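Below: one structure, written as structure tokens.
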Amino acid sequence: MPRLNRTESQERTRYQIISAAVELFLRDGFRATSLGHVATEAGFTTGAVYSNFANKTELGIAAVDAIYDRETDRAIARVADAVTESPDAWITSLSDWSASVLGDISIARLEIEINAFSAHDGTLRTANAARYARIRQHVAALLARLESEAGLRLPMDKETLAIAAVGLALGIGIQRAADPALDKDVFGRILSHTATALTPAPHSDGVLSHG
């Protein structure tokens with residue numbers, strides 16, 4: 001196995017610390033987990049954690065970023081696999097993903113704890129804005145693919161629709177975290193009805209109808 005160079009070693013250390021932080025923060029809570037606990041879980045010293053993260057807020061931000069990046073990648077991969085199968089397979093895939101993720105109580109708790117812990121830290125707001133911007137970019141790219149490969153007719157620009165889609169997902173997630181009895185399939189149903197309305201229906205002769 002080739003030896004890692006300094007940059008690769010630092011990236012690997014950072015990745016392992018973030019992975020340990022995600023696990024502990026979700027399991028035990030942000031406030032209850034010290035940087036020492038994270039260091040032990042990751043197999044490093046506390047000094048190694050501080051070498052990569054200025055403080056607990058910065059590590060918390062990195063952990064939330066990792067969770068969002070993971071779930072965004074999962075959603076996009078599901079659509080990429082399904083969009084070539086059938087016109088509506090991607091809807092089912094995204095619906096299944098949303099039912100398993102939106103409203104996850106441990107993720108919601110982590111975000112609330114970090115926001116409360118770091119309420120006066122300006123880096124938190126900047127990080128949140130950057131995270132949502134990244135997600136919107138991914139959604140806009142996904143909409144472009146659905147437009148070209150799944151026949152979706154977009155009623156407005158992709159960037160505006162991305163804002164609406166991300167807002168819907170976040171809003172449903174917050175409500176489901178507060179009330180787990182809320183229907184877990186609601187995002188999927190909204191998505192299905194919206195996509196059906198925006199996808200041209202074929203004529204009996206196989207020619208798409210555009211209204």
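Derivation of every value follows stated rules applied to the coordinates shown; laboratory data play no part. What you see is a predicted model; the values in this text were computed from it and never measured. Ideal geometry is used to build each Cβ from the backbone, glycine not excepted, and the neighbour counts take in all protein chains shown.
Here the spin labels are modelled as points 7 Å beyond Cα on the Cα-Cβ line, and at Ala197 and Asp104 they lie 3.0 nm apart. Summing charges over neighbours of Ala32, with a neighbour being any other residue whose Cβ is under 15 Å away from its Cβ, gives 0 when K and R count +1 and D and E count -1.
Extension gain for Leu4 to Asp28 (0.36 nm times residue separation, less C-alpha to C-alpha distance): 5.4 nm.
The calculated 222 nm mean residue ellipticity attributable to helices in the chain amounts to -24500 deg cm²/dmol, summing -39500 (n - 2.57) over DSSP H runs of n ≥ 4 and dividing by all residues.
Reducing the range 136-162 and the range 24-91 to their Cα centroids gives an inter-centroid distance of 26 Å.
3J(HN,Hα) couplings calculated from phi for the range 154-170 with the Karplus curve 6.51 cos²θ - 1.76 cosθ + 1.60 (θ = phi - 60°) are, in sequence order, 7, x, 7, 5, 4, 5, 5, 5, 5, 4, 5, 5, 5, x, 5, 4, 5 Hz; Gly and Pro show x.
Going through [x] 33, 22, 15; [y] 29, 22, 16; [z] 38, 20, 15, the figure that equals semi-axes √(5λ) of the Cα gyration tensor in Å as computed for the structure here is [z]. Estimated from the Cβ-Cβ distance and a Förster radius of 35 angstrom, the FRET efficiency linking Arg125 and Tyr50 is about 0.90.
Seen from Asp121, the other residues with C-beta closer than 12 Å to its C-beta sum to a net charge of +1, counting Lys and Arg as +1 and Asp and Glu as -1.
Once the Cα-Cα distance is subtracted from the 0.36 nm per residue extended length, the Asp179 to Gln16 segment shows a gain of 55.4 nm.
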